[in-house]
1. Give a residue-ordered list of calculated ³J(HN,Hα) values for the range 33-44 (Karplus: 6.51 cos²θ - 1.76 cosθ + 1.60, θ = phi - 60°; whole Hz; x for Gly, Pro).
2. What is the local net charge at Asp66, summed over the other residues whose Cβ is closer than 11 Å to its Cβ (Lys, Arg +1; Asp, Glu -1)?
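Please treat every number below as a calculation from the coordinates, not as lab data. Remember, predicted model here, so these are calculated numbers, not experimental data. In this analysis, Cβ positions are derived from the backbone assuming ideal geometry, glycine residues included, and neighbour counts consider all displayed protein chains.
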Amino acid sequence: MMKNILFWIFAVMVLIDLGWVAVPMQAAEPEQFPAFSEIDKDKDGYITADESMAVPGLMEQLTSLDRNADGKIDKAEYASTTNAASRSGDTIPRTQMK
């Protein structure tokens, strides 16, 4: 019984190593996202869907971060969810945060 378990563990590890079994990449946690200014490449004050694709996991959370449903994330929306605005000097006055 133990030999069977060890065999299957080894077999799965080999398949993963060969790339025959896909192991999904873990999306970045909100606290791991870069500062807003690093993602906002065109410096228009918004993170668009195109800009969010550069950060693993951010595109998948775009809808939940976009609280006013305008199709983009502003600095306050990003900060209220990720707490990333405080990094690299991207602070938001508390009166603007929800």
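1. 5, x, 4, 3, 5, 6, 8, 6, 5, 8, 6, 8
2. Values: positive: Arg67, Lys72; negative: Asp70, Asp74, Glu77.
Neighbourhood net charge equals -1.
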